[in-house]
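The values are calculated or read from the model by the stated rules, or taken from the named source; none is laboratory data. Worth saying up front: this structure is predicted, and the values here are computed from it rather than measured. Don't worry about glycine lacking a Cβ; one is built from the backbone with ideal geometry, like all the others, and counts go over all protein chains shown. These accessible areas exclude ligands, DNA and RNA; they are computed on the full protein's heavy atoms, side chains included. Shrake-Rupley method; radii C 1.70, N 1.55, O 1.52, S 1.80 Å.
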Amino acid sequence: MVRHLLLLATASFLIQIVFSQICPQKVTAPDGTVYELGPFINQAPWTTPGDQKSPQYDYKFIFCGQPFSCGQGVCASGTGGACQTWGNFVPSSSACIGQQLQAPTGLNGRQGVQIEFLNGDVITGVGARTSTLIIKCDPNAKEDRFEADDRQSGGGKFQLFVHTSKKEICGGSSPGGGGEGGDIGGIVFLAIFFGAIILYLLVGVIVNKVVRKQEGAEVIPNWEFWRGLPGMVRDGTLFIFRCGKGSYSAV
């Protein structure tokens, strides 16, 4: 039971690391503009009809949320980030136009945030479908609005837009400006976290050395756990990449 809990904890930790890289709370553009993406994370998928060129198509995408099934190809198992359909998103009449595999990038001049959806279903003779999503500042938008631009779709490349008036995108912030509070909060958290670890080690070593009269590596508190930690990390990593299948070593 303990082993299973440790494996799940390790898997959750590794998933959180990956998620924080692909879905950061904050993105900084090359010109220093800082965008806060918290309001856009874990929202339900956006859907929209195609533009005037291709009104027969509908589109759907998810940013930093639960991927979905799309089509009968690479995203059929639930890895879709962007989807095109010509029949109410049923698998036989849909195509995956990208899986979100790259971290967002901030655009200069408070123009918004760009996210690439890569490695969608393959078009014969062309290659994999891809999509570019831009969360764009629109001061006149009364609510977040999603739209698709089909003009580049002939080569399997799509442009998707979210028009928003949220201050996190339209206002942005300069270095040392509105994003500073989040930086200070992170520094305080890390200071408390590592301070607690150091205190735990110091107190544990003193107790084991003075009270329990232990020697060598055994003065380290919970030495057996720390000695087995590399193996548990390895098992947790294998557990993730094998989707829970296969064996793992005993702890």
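Annotation note: of Ile220, Ile206, the sole residue that is more than 18 Å from Tyr59 (Cα to Cα), in contact with a Phe, Trp or Tyr (Cβ under 7 Å, 6 or more places away or on another chain) and either surrounded by fewer than 16 Cβ atoms within 10 Å (Cβ to Cβ) or at pLDDT 85 or above (or both) is Ile220.
Do you know which of the residues in region 72-86 that are in contact with a strand residue (DSSP E or B) (Cβ under 7 Å, 6 or more places away or on another chain) and open to solvent by 10 Å² or more (accessible area, probe 1.4 Å) is farthest from Asn42 (Cα to Cα)?
Taking region 72-86 and keeping what is in contact with a strand residue (DSSP E or B) (Cβ under 7 Å, 6 or more places away or on another chain), we get 73-75, 78-85.
With open to solvent by 10 Å² or more (accessible area, probe 1.4 Å) added as a condition, the list becomes 73-74, 78-79, 84.
Values: Gly73: 25, Val74: 22, Gly78: 16, Thr79: 15, Gln84: 21 Å.
Step by step, filter region 72-86, then rank; the result is Gly73.
Determine, yes or no, whether Val27 is among the β-branched types (Val, Ile, Thr) and part of a loop (DSSP other than H, G, I, E, B). Against the criterion (among the β-branched types (Val, Ile, Thr) and part of a loop (DSSP other than H, G, I, E, B)), Val27 does not qualify.
Do we find a residue being open to solvent by less than 50 Å² (accessible area, probe 1.4 Å) and modelled with pLDDT of 85 or more anywhere in region 36-58?
Going residue by residue through region 36-58, those that are open to solvent by less than 50 Å² (accessible area, probe 1.4 Å) are 37-41, 46, 48, 50-51, 54.
Subset that is modelled with pLDDT of 85 or more: none.
Checked against the condition, which is being open to solvent by less than 50 Å² (accessible area, probe 1.4 Å) and modelled with pLDDT of 85 or more, region 36-58 yields no hits at all.
Pairing residues of region 195-214 that are without any contact (Cβ under 8 Å) to a residue 60 or more places away in the chain with residues that are assigned to a helix (DSSP H, G or I), at Cβ distances under 7 Å and at least 6 apart in sequence or on separate chains, gives Val205/Val219; Asn208/Glu218; Asn208/Val219; Lys209/Val219; Gln214/Asn208. Counting only residues that are without any contact (Cβ under 8 Å) to a residue 40 or more places away in the chain and open to solvent by less than 30 Å² (accessible area, probe 1.4 Å), region 100-129 holds 1 of them.
In region 59-105, of all residues being modelled with pLDDT under 85 and aromatic (Phe, Trp, Tyr), the one that is farthest from the chain's Cα centre (by Cα) corresponds to Phe89.
Output yes when any residue across region 189-197 is under 19 Å from Gln25 (Cβ atoms), modelled with pLDDT under 75 and open to solvent by less than 80 Å² (accessible area, probe 1.4 Å), and no when none is. The answer is no, given that none of the residues of region 189-197 is under 19 Å from Gln25 (Cβ atoms), modelled with pLDDT under 75 and open to solvent by less than 80 Å² (accessible area, probe 1.4 Å).
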